[in-house]
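The values are calculated or read from the model by the stated rules, or taken from the named source; none is laboratory data. All values derive from a computational prediction rather than experimental measurement. All Cβ positions, glycine included, derive from the backbone under ideal geometry; neighbour counts span all protein chains shown.
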Amino acid sequence: MSTEAPFTIAIPDNDLEFLRKKLELTRLPDELEEAGHEYGAPLADVQRLAKYWQDEYLPKWREHEARLNDLPQFTRDIEVEGFGTLNIHYVHKKSEVADAIPLLFVHGWPGSFIEVRKILPLLIQASSDHPSFHVVALSLPGYGFSDNPKKKGFAVGQYAEVCNKLMLALGYNEYITQGGDWGSLITRKMAQVYGARIAKGGTPTCPFAPPTQRRSTQPQAALSILSHFILGYTEKEKAGLKRSMLFQEHGIGYFKEQATQPQTLGYSLADSPGRGSDLDIHLLVSKAGPTASTRIYFEITKQNPLAFSTDLATPIPTGYSYFPKEIAVSLTSDENPELGLRIRDDKGGHFAAWEVPDALVGDLRKMFGKGSRAFGVVPGKTGYQQN
Amino acid sequence: MSTEAPFTIAIPDNDLEFLRKKLELTRLPDELEEAGHEYGAPLADVQRLAKYWQDEYLPKWREHEARLNDLPQFTRDIEVEGFGTLNIHYVHKKSEVADAIPLLFVHGWPGSFIEVRKILPLLIQASSDHPSFHVVALSLPGYGFSDNPKKKGFAVGQYAEVCNKLMLALGYNEYITQGGDWGSLITRKMAQVYGGTHSKGWHTNMPIGEAPSLKRPLSILSHFILGYTEKEKAGLKRSMLFQEHGIGYFKEQATQPQTLGYSLADSPVGLLGWIYEKLVNWTDEYPWTEDEVLTWISIYWFSKAGPTASTRIYFEITKQNPLAFSTDLATPIPTGYSYFPKEIAVLPRRWMKTPNLVFESEHDKGGHFAAWEVPDALVGDLRKMFGKGSRAFGVVPGKTGYDRPPASRF
């Protein structure tokens, strides 16, 4: 018997009042003259957002909540080996097209299920010119309105297990996935563990493929290093490399702290809305609390410090979309033998589904549409409207 | 005309009430089962400390404040080139011994001027058997009750400039220094810039060394041939642990201090967790009392510049020199290193070679906050380093700090 229940976000009045009191007691730091963005989120921005939060946004919370509840949401219990039962929250909307392609959308940090909001209507849109999709977008354990694991060691395999079991529970025995940030790693893992049997294709939008990564075949490694030096890089690629280095040198502090001392940082995240105002607001009203959302960094990198640069190959059709303002901008050399689609977009960053929904959906339609290598990966589910 | 004024810590009632309200609204996170210390400061500790803060410590703040005010404190204006005037807060106490050695004690993060409290009475103690010192312990700009710089670029040279000018302003034209954490880097800089003229000798409990490198082929040779003792291996292991597991705070403070700063300014419990983790991880099982922890944290919470300002030193110093902790280590004046087993980085002895290293002392106990954890040991080292018979004896001409035996007084 399924444990699925419809879900409506309904933050208790007490919690709203509590947040109101906290915002009223905000204490802000000073800032250096002409700091710009160099030292972190600028004071003027945070101050403005905090004030707006207190004066406008929070008093109108029920309107914002109602808008969130436009998304059809559900919860159900999912068993995770070694971790017991987790109640998982998700958005689920079917296309009119009966044989639409089942698609699981997986967010990361500091994202959430809300990232599916703009692409959802486009994905389910019926057309005879492009495929449509049945869409599932979960809140990862520890995020949104899902439970968080209570034990140590909930790593990429466990997130993948939850995702796969959810799709099976919804009757989608075969499906495709779309993921960015942690969603990219998780859907990659799904492709490796459940690939071909179940997961039929994936489009991570955070591809990482540095030429010096360790690989199982030496000749491939040698060739890519050779090409690194001989072929050089295009201007676009050089700009991308520069951006990637910028992240490594200047943008990686949060990662290092969350991957080593998430509990220490967590006292601030739980207690101070001021910290949250530069994060996804939904982290603040999450079921597990914001601290839980950071543990993924600890667990995944503890299990594999090279989680982002090793074991990249998957046995199923893979698609990469490259957005210019992604955190790490990958190169055209890639070792995934199943790489079926590679698209370079001109605009967009890390949160592609939110920033450039048309572009992302366009890529998915191309990847899984008629004439492409991944067309029909899910047998019988091609998603075209019959005339 | 000097701008020195006596200073008493007197936190306004409004600020106490504000903190009380905030503590009342504390929201704590959950914790994984059996997390121990692996994920950061344990929830049970932070919860207990937060409750004690709210129920016991804060209501009795005026008592704690009075205890802090046992330390004789002052403020005065110091001009810093390019940064205008900063009002600097400091402790200053002279020994009875007229020719005691002027000593500047420089703290780091998350320390403060309070770290001088235990060593102060020992340092000024008059004796015919060991030297005594006139002691100055400042609050670095951005810490305690000193101003913070308002412009970008206040880096190690500026901190050194403030320290040197303070000593000169106090009439100590020649002096020695003792520093740990950022205090180590700052006093090293002072030794390089003012060494010989004003800074005459410097001692640190956080010495740093250079790993073997191809630039120094002999170091590589010795690395492979001589190997390391068990103690050294344990030290290397501890140093690696810090690099892999303990360095997140540094990385964030060095790149996005403002982002982090919103929590440190706004959440007492956030600040508590952030600092408390270091008080535990960086010490040699020091039995912190609740009052000690909360006093250290309160100095940050009630600091003149706010806690966020204290993190900018990480940004400015590492931006100016990403290799600030491993390059340009040599100084031209007598240098002393004390090695404590639970310091953050514990490196093999022969990596620590530096010109003018006239004093070394290895200990069996103690960590990063030596002056607080093992005050007798630290003072013992200073007395040895600058005492009769040692190479650094008399570095400050005419100031040797020995009390004349009674018979010779008249």
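One table, with the values for the structure above:
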quantity: One residue from B:TYR337, B:TYR402 being among the hydroxyl-bearing types (Ser, Thr, Tyr), within 22 Å of B:SER199 (Cα to Cα) and assigned to a loop (DSSP other than H, G, I, E, B); calculated: B:TYR402
quantity: Some residue of the stretch A:260-275 being modelled with pLDDT under 70 and either loosely packed, with under 15 Cβ neighbours inside 10 Å or not basic (Lys, Arg) (or both); calculated: yes
quantity: Hey, B:VAL80 more than 14 Å from chain A (Cβ to nearest Cβ) and β-branched (Val, Ile, Thr) or not; calculated: yes
quantity: Residue among B:TYR228, B:TYR286 that is over 19 Å from B:GLU38 (Cα atoms), away from every other protein chain (no Cβ under 11 Å) and in a loop (DSSP other than H, G, I, E, B); calculated: B:TYR228
quantity: Residue tally, condition hydroxyl-bearing (Ser, Thr, Tyr), at pLDDT below 90 and either touching a Leu at 6+ places or on another chain (Cβ under 8 Å) or over 20 Å from B:ASP364 (Cβ atoms) (or both), over the stretch B:211-248; calculated: 4
quantity: Enumeration of residues in the stretch B:129-139 that are in contact with a Phe, Trp or Tyr (Cβ under 6 Å, 6 or more places away or on another chain) and in a loop (DSSP other than H, G, I, E, B); calculated: B:PRO131, B:SER139
quantity: Single residue of B:ALA309, B:ALA265, B:ALA305 found to be closer than 26 Å to B:LEU58 by Cα and part of a loop (DSSP other than H, G, I, E, B); calculated: B:ALA305
quantity: Tally, over the stretch B:343-379, of residues that are part of a loop (DSSP other than H, G, I, E, B) and among the aliphatic types (A, V, I, L, M); calculated: 5
quantity: Subset of the stretch B:232-254 (residues that are surrounded by 15 or more Cβ atoms within 10 Å (Cβ to Cβ) and either touching a residue at least 12 places away in the same chain (Cβ under 8 Å) or among the aliphatic types (A, V, I, L, M) (or both)); calculated: B:GLU232, B:GLY235, B:LEU236, B:ARG238, B:SER239, B:PHE242, B:GLY246, B:ILE247, B:TYR249, B:PHE250, B:GLN253, B:ALA254
quantity: Residue in the stretch B:157-167 that is hydroxyl-bearing (Ser, Thr, Tyr), surrounded by fewer than 19 Cβ atoms within 10 Å (Cβ to Cβ) and either in contact with a Pro (Cβ under 6 Å, 6 or more places away or on another chain) or touching a residue at least 60 places away in the same chain (Cβ under 8 Å) (or both) present; calculated: no
quantity: Residue satisfying all of: in the stretch A:129-146; surrounded by fewer than 24 Cβ atoms within 10 Å (Cβ to Cβ) and over 16 Å from the mean Cα position of the chain (by Cα); nearest to A:LYS94 (Cα to Cα) among these; calculated: A:HIS130
quantity: Among residues of the stretch A:31-74, those that are under 30 Å from A:ILE88 (Cβ atoms), over 23 Å from the mean Cα position of the chain (by Cα) and either within 14 Å of chain B (Cβ to nearest Cβ) or outside any helix (DSSP H, G or I) (or both), counted; calculated: 3
quantity: Residue within the stretch A:22-44 that is surrounded by fewer than 16 Cβ atoms within 10 Å (Cβ to Cβ) and in contact (Cβ under 8 Å) with a residue 40 or more places away in the chain present; calculated: no
quantity: Filter pass, B:THR318 being crowded, with 18+ Cβ neighbours inside 10 Å, among the β-branched types (Val, Ile, Thr) and either within 15 Å of the chain's Cα centre (by Cα) or not in a loop (DSSP other than H, G, I, E, B) (or both); calculated: yes
quantity: Residue match in the stretch B:201-210 (condition: more than 17 Å from the chain's Cα centre (by Cα) and modelled with pLDDT under 95); calculated: yes
